1. Fewest to most neighbouring Cβ within 10 Å: what's the order for B:L165, A:L45, B:L203?
2. Work out the mean other chain Cβ neighbour count within 10 Å for the residues of B:58-67 and drop it here as an integer.
3. Given the pairs B:K52/B:K75; A:K36/B:K52; B:K52/B:K189; B:K75/B:K104, which span a C-alpha to C-alpha distance of over 26 angstrom in this model?
4. With a sphere of radius 12 Å drawn around the Cβ of B:V73, what net charge do the other residues whose Cβ falls strictly inside it have (Lys, Arg +1; Asp, Glu -1)?
5. Can you put B:Y89, B:Y192 in order of Cβ neighbours within 10 angstrom, beginning with the fewest?
6. If you add up the charges near B:A28, with Lys and Arg at +1 and Asp and Glu at -1, over every other residue whose beta carbon is less than 13 angstrom from its beta carbon, what do you get?
7. Between B:A81 and B:A28, what is the spin-label point distance in nm, taking each point 7 Å from the Cα along the Cα→C-beta axis?
8. Run the numbers on the stretch B:34-110 and let me know its relative contact order in percent, using alpha-carbon pairs under 8 Å that are six or more apart.
Amino acid sequence: MEDMNRRMRELERRSRAAFDESVGSLDAATRSRLAKARAVALAELRQRRLRWSSSWIPAGAAAAAAVVAVMLWQGERATAPGEPALAAFEDLDLVAGAEDLDMFEEDGDFYAWAADEAAGDVG
Amino acid sequence: MPEESLTRSATLCAPVAWERGRRNMREAALDSERALERFLAGIERRAFRIAKLALRDQAEAEDAVQDAMIRLVRKYAGRPAEQWRPLFYRILQNRITDSQRRQKVRRAVMAWRPAAGADPEAPDPVESAVDPDGGPDAALEGEELLARIEGALEGLPGRQREAFLFRNFEGMDVAQTAIAMGCSEGSVKTHYFRALRALQEVLGQWKT
C-alpha cells in the first residue's frame, strides 16, 4: 500500500513537472495569439462597462436633478418669496444640465471648495 | 440668511457627491479590469496546454481558451477574484466537451475517407504501448514523457481525465476542482484516485 502511494506521488510529481515544462516552452506565436485573445476578452469587458454606464448616466443625472429640485423647493418654502428663491433656481439651472455635470469631471475640486465655502457661510 | 445658504450649499454638494461617486466607480472598474487581466495572463498558457491535451488540435485549443475568457468576462467579471479560476475552468471544460462532440461527428463523417481523416498529431500506438518491462524509464522526461502521458490520458474516462488535468496539472484543490467539474468534492477524490491508478497501470511502474 505504501509502495503504491509512493509510486502515485512519483507519477504526480513527474507528470506535473513535464506539464510545467511544456507550458514554459510554448512557442512565441502561440503566446502572442493567447495575448491577443486576452485583449479581445478585456475589450469586451470595457465595451460592456461603457454600455452599462451610458445607460445609467442619464438616469443618474435625472435623479440628481430631482434631488436638487426637491431641496430647492424645500429651501423656497423655508425662506420668504422673492429674490433668494430666484437665485436658488439659477443654481438649479446651472447644475441640472448635462453639459454642466460634465464640468465637474474637469474641475471637481473647485466645486468641492465652493461647497465648503457655502457651508462656512452657514456656520 | 442661514436657510438660503443651506439651500445653495445643498445644490452645490449634491452634484459634487454624485460626481465623486462616479469617479470612485470608474476607479473600481479599472482596478477590477487590471485584476482580471493579471488573472487571464497568469492562466492562459496552462489553460491552452490543458485544452490542447484534451482536443489535440492547436487552433481548436486556442479558440476554446479565447471563448472561455470572453464568457468569464461576460458572466463572472463581477465575482470575487478567488472564484475566477474554477469558474474559468468550468467554462473551458464545457467548451472542450462541445468541441469534442463536434470532433466526433467530424471523424464519423471522415470515416468515409480514411486517408483524409487520419490525425497527424495522434500518438504513435507503438510508442504509447505499455512497456512489458515495467513502463517508462526514469530517463524519460519533458516532451516525450508528456506525450506518453497524453496517450495514457486519452484512454481514461472523461471525468477521470478532467480530475487529473485540474488537480495535477492545474494544481487546483479539491474544492476548486469540484466547482470546475460541477460535481461534489467526494466525486473529485474518487475520479482523481481512479485516474492515478489507471495511469499507473498504463504507464507502468515509475522507477525512482
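1. A:L45, B:L203, B:L165
2. So the per-residue partner count for this stretch is 3.
3. Beyond 26 Å between Cα atoms: B:K75/B:K104.
4. Around B:V73, the charge tally is +4.
5. Exposure proxy ranking, most exposed first: B:Y192, B:Y89.
6. +3
7. 1.6
8. Relative contact order for the stretch B:34-110 comes out at 31 percent.
Laboratory data are not the source of any read-out in this text; all were calculated from the coordinates shown. Everything quoted here is computed from the prediction, not taken from an experiment. Glycine also receives a Cβ, built like all others from the backbone with ideal geometry; neighbour counts cover every protein chain displayed.
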